[in-house]
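The values are calculated or read from the model by the stated rules, or taken from the named source; none is laboratory data. In this text, all values refer to a predicted model and were calculated from it rather than measured experimentally. Using ideal geometry, Cβ is built from the backbone for each residue, glycine included, and neighbour counts are taken over all protein chains shown.
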Amino acid sequence: MTVTGVQLQEYLAGLDYPVSRDDLVRWGQENGVSTEMLQMLRALPVEEFDSPAELSEALNTLA
């Protein structure tokens, strides 16, 4: 299964921004996201995101 940015955004709905990459990974672990999603979060090129749009843009660079 390939994880899309939209699917990840659905999982991350309700997060407070700014949010760090480490916090995203921790949140994913605590909420039982798939290993594939955790790998995507760990691969994000930016260490902190100020908005959902910024996170979405970073996720698109991984596709």
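Odds and ends about this structure:
- Residue pairs whose Cβ atoms lie under 7 Å apart, sitting 6 or more positions apart in sequence or on different chains, and linking a residue in the range 22-35 that is surrounded by 16 or more Cβ atoms within 10 Å (Cβ to Cβ) to a partner that is of a type in the set (Ser, Thr, Tyr), are 33/11.
- Scan the range 36-63 for residues that are small (Gly, Ala, Ser), out of contact with any Leu (no Cβ under 8 Å at 6 or more places or on another chain) and surrounded by 13 or more Cβ atoms within 10 Å (Cβ to Cβ) and the total you get is 1.
- Residue that is at pLDDT 90 or above, under 17 Å from residue 10 (Cβ atoms) and not in a loop (DSSP other than H, G, I, E, B), where the choices are 55, 24: 24
- Yes/no for residue 16 being of a type in the set (Asp, Glu) and either part of a helix (DSSP H, G or I) or at pLDDT below 85 (or both): no
- First in the range 51-63 and over 17 Å from residue 36 (Cα atoms), second anywhere and assigned to a helix (DSSP H, G or I), Cβ under 7 Å, 6 or more apart: 52/9
- Count - residues of the range 44-63 that are of a type in the set (Ser, Thr, Tyr) and in contact with a helix residue (DSSP H, G or I) (Cβ under 8 Å, 6 or more places away or on another chain): 1
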